[in-house]
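Report on the structure given below.
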Amino acid sequence: MALLHISEPGQTAAPHQRKLAVGIDLGTTNSLVATVRSGRAETLPDTNGEHLLASVVRYRAGEAPLVGAEAKAATTTDPRNTVSSVKRFMGRGLADICKGCSCTDYDFADSDSSVPRIRTAGGDVSPVEISAEILKTLKYRAEASLGGEFTGAVITVPAYFDDAQRQATKDAAQLAGIPVLRLLNEPTAAAVAYGLDHGSEGVHVVYDLGGGTFDISILRLNRGVFEVMATAGNTALGGDDFDRIISQWLREQAGIDPQTVDVGQRRAMVQEACRAKEQLSEAETVLISLPLADGGCWTGSLDRAQLSVLMDPLIRQTLSACRRALRDADIDISEVEDVVMVGGSTRSLRVRELVGEFFQCQPKVNIDPDKVVAVGAAIQADILVGNKPDDDMLLLDVIPLSLGLETMGGLVEKIIPRNTTIPAARAQDFTTFKDGQTALAVHVVQGERELVDDCRSLARFVLRDIPPMVAGAARIRVTFQVDADGLLSVSAREETSGVESTVQVKPSYGLSDDEIVDMLQDSMAHAEGDVSVRMLREQQVEAKRILESLDAALREDGAILSENERAALDAAVVALREAEVGDDARHIKTAIQALNAASTEFAARRMDASIKGAMAGRKVEEFS
Amino acid sequence: MADLSSHFFHLFDLPVSFDVDAETLAARYRELQQIAHPDKFVGGTDAERRISVQMAARINEGFRTLKDPLARGRYLLELKGISLDDADTVLDGTFLMEQIELRESMGDVRDSADPHQALQQVSQDIAARKRQITDNMAHLLREDDLASLQQARDETRKLQFFRRLEEELDVLDEELAEF
């Protein structure tokens, strides 16, 4: 990686200067990067003019991995080293992956880590690292196209992604060296791209069927505010599943014994199934040919009627989710203004037909269903970095799955129910079960089922040093906080003694911080420069960002601080300015933390003042 | 510390009352989130971002509470020092009979000639009763004497029963909808 320019201190860009920001759609089948240029959001092509990057990575011995079309070309010839649809593995343990029956395509390494690793010619790689390769490719493409480094990216995820899958996506971005402005739900991004806010108040549905995931979101739009009322879906249902079912049918028709099929042949059959499915959107019937083991070739045909028979059960599953989302949103079908179709799999005529029947309307397909998500992400990224200060667009999303705790008997106590608007914070009080109990195990789970074993285990931690008391006397408050990315942190506090314990939920199938640093180190070792240089640079950028932001805030509202408070804050600012010009990353980090602590009261007072100000301002308008 | 302690009516600048105009509430909600939401602090300091998450969560919680008659009733009673959980009165016999009857008709849905129609009927019955109870609550909560508030508490508890029935109805609906 060419190291990018670091501007000299004192030469930072003026605050009003346009910042570069991108939206990234990290898809199961294809990935894209988009940006807003001259007021238009557009996806960025590679040097060959291709906008879609195939989400396929091929590992080779002693060489850098290949990403995209080049890798995809080796899908059947070098199947073990060529990984596709890695999104389906994100945040998942090996047992989950095998349930999805795609684990037989790869050699999974035995390892101590809970994160599965695929054994390739380029070494053992985790899904996070594979995704990071895709992200890096998009990052270089964007930098080449924009002529510089970007401030940050909005990365989209399926709305139905759970905490572990979201965290894995964020980890991949970190590994790729991409600052994440926000994780954005794909259907919400699509709604933004459709510009549904302009003159289209009311209830809208986004039906998003991609290569490997399905989401349905129901949004209410009002004056630039996109309020997601409910979301439902399935993170293991998409076009891949259509292909698999069609290919199984083809294999049966051709009379091929499944036992004799190797990985390469299986993939060839799936490719043929995919081609047939796509062509049937135009043709009434398509010819199929499958190579046979004896060197011969089976030929047959597939028509639309048969395709419907194969696909309908899967499409019905998506409609079931639509029904649930409508119920959760408390919305009747008659209230829905329109249905927007997103994701490559909505090109299928049968999908459009059944969705149209269900919602009793003609689904909207105006924007390229492959590009719409990246475009929406780019629009939000542009707003988040402050390029459109007067835009009042605001996205209020929800968590897709309930968050809870394990209680006695392996039961789940839900703390934050599904479809709660984020950010969200909720606390629940618990007590000790035995006399003299000094520790409490906290097990955080996500899911709708009542038994812990049926939900996804997110994290475990122990609150220790509770003073011994009789059973039931301790008051332990467990607080869940979900941020705007849908990521959870949990804290537990014994109220009578003040003993406290906090975890940023690192999912059970997630990477530990150490593992990420190791991976970073590894990737740097491959001629990409020095990890310490990168760390220093990251801290300097962060310091600069904070100083600029605080400077602006102080100019605006510095008056709300007393002289002493101002002096303390100024001292922390000076300390950071001094640290920032040095070359000690840790020193800068410490100074950043100190400044953050010193500015907390100021930030809180500003928040209160602006809330009061808004209410007062409204009153004046009302009476005038 | 940002002011996370003031009660929801104050936060939304609404009179402390069960009668909340849904449109005004929604408009205030959007106004508050335009100020506090983390999307407005992406370039901010960690301190600003942390406070923004806390405040936005508080606003979301307030909106959820004030929007829903059951949550709003419960919250308002708590502000007035009356908790739903330590009710010493037993709900009247007529109400309990009605609950039993509704449960029976729910039980019959599956075996009826047209389950969807039957389900719709039960659902409408429940909705009508909920409206009545909500009206009663509004009326009682306008009074400030203890007797009225205690009656309001009982009405709120009744509403809770209906909420549970509705949840079970949703499960039933989901089961009937399985293709």
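The table below lists the values:
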item: Efficiency of FRET from Cβ geometry, A:THR479 and A:GLU548, R₀ 41 Å, rounded to 0.05; result: 0.80
item: Kyte-Doolittle mean at least -1.0, axial Cα span of 30 Å or more - DSSP H helices of chain B; result: B:46-67, B:115-142, B:146-177
item: Heavy atoms of B:HIS10: accessible area, 1.4 Å probe, square angstrom to 10; result: 110
item: Phi-based couplings in Hz for segment B:15-21 (Karplus 6.51, -1.76, 1.60; Gly and Pro marked x); result: x, 6, 7, 6, 7, 10, 6
item: Residue-wise HN-Hα coupling along segment A:391-403, computed from phi with Karplus coefficients 6.51, -1.76, 1.60 (Hz; x: Gly, Pro); result: 6, 9, 4, 9, 10, 10, 9, 10, 8, x, 10, 5, 10
item: Nearest-10 value in Å² for the accessible area of A:CYS455, using the 1.4 Å probe; result: 20
item: Mean-position separation - Cα centroids, segment A:229-243 and segment A:421-459, in angstrom; result: 28
item: Residues with amide H under 5 Å from that of A:ALA230, placed H, sequence gap 5 or more; result: A:ILE218
item: Alpha-carbon centroids, segment B:86-141 and segment A:70-96: separation in whole Å; result: 53
item: Gyration tensor (Cα) of the protein assembly as shown, equivalent ellipsoid semi-axes in angstrom; result: 43, 38, 26
item: Ratio of Rg to Rh over segment B:93-177 (Cα coordinates, Kirkwood Rh, two decimals); result: 1.08
item: Rg and Dmax [Cα atoms of segment B:8-67; Å; Rg one decimal, Dmax integer]; result: 12.4, 39
item: Nearest-ten-degree value, helix A:349-359 long axis tilted from longest Cα axis of chain A; result: 50
item: FRET efficiency, B:ARG64 to A:SER301 (Cβ-Cβ, R0 35 Å, nearest 0.05); result: 0.05
item: Average Cα contact separation per residue, chain B, under 8 Å, 6 or more apart, as relative contact order %; result: 22
item: By accessible area with a 1.4 Å probe, ligands and nucleic acids excluded, highest first: order of A:SER549, A:SER126; result: A:SER549, A:SER126
item: At least 40 Å² of accessible area lost relative to the chain alone, listed for segment A:413-428 with a 1.4 Å probe; result: A:PRO423, A:ARG426
item: Rounded accessible area of B:VAL171 (nearest 10 Å², 1.4 Å probe); result: 80
item: Amide H partners (placed H, <5 Å) of A:ALA236, local residues excluded; result: A:PHE214
item: Cα long-axis angle, helix A:585-623 against chain A (0 to 90 degrees, to the nearest 10); result: 90
item: Long-range HN-HN contacts of A:THR120 with modeled amide H, under 5 Å; result: A:VAL125
item: Efficiency of FRET from Cβ geometry, A:ALA73 and A:GLN259, R₀ 45 Å, rounded to 0.05; result: 0.95
item: Folded to 0 to 90 degrees: helix A:127-146 orientation relative to chain A principal axis, Cα; result: 80
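The values are calculated or read from the model by the stated rules, or taken from the named source; none is laboratory data. Keep in mind that what you see is a predicted model, and the values were worked out from it rather than measured. Note that we place each Cβ from the backbone using ideal geometry, even for glycine, and neighbour counts take in every protein chain shown. Only protein heavy atoms, including side chains, enter the accessible area calculation; ligands, DNA and RNA are left aside. Shrake-Rupley method; radii C 1.70, N 1.55, O 1.52, S 1.80 Å.
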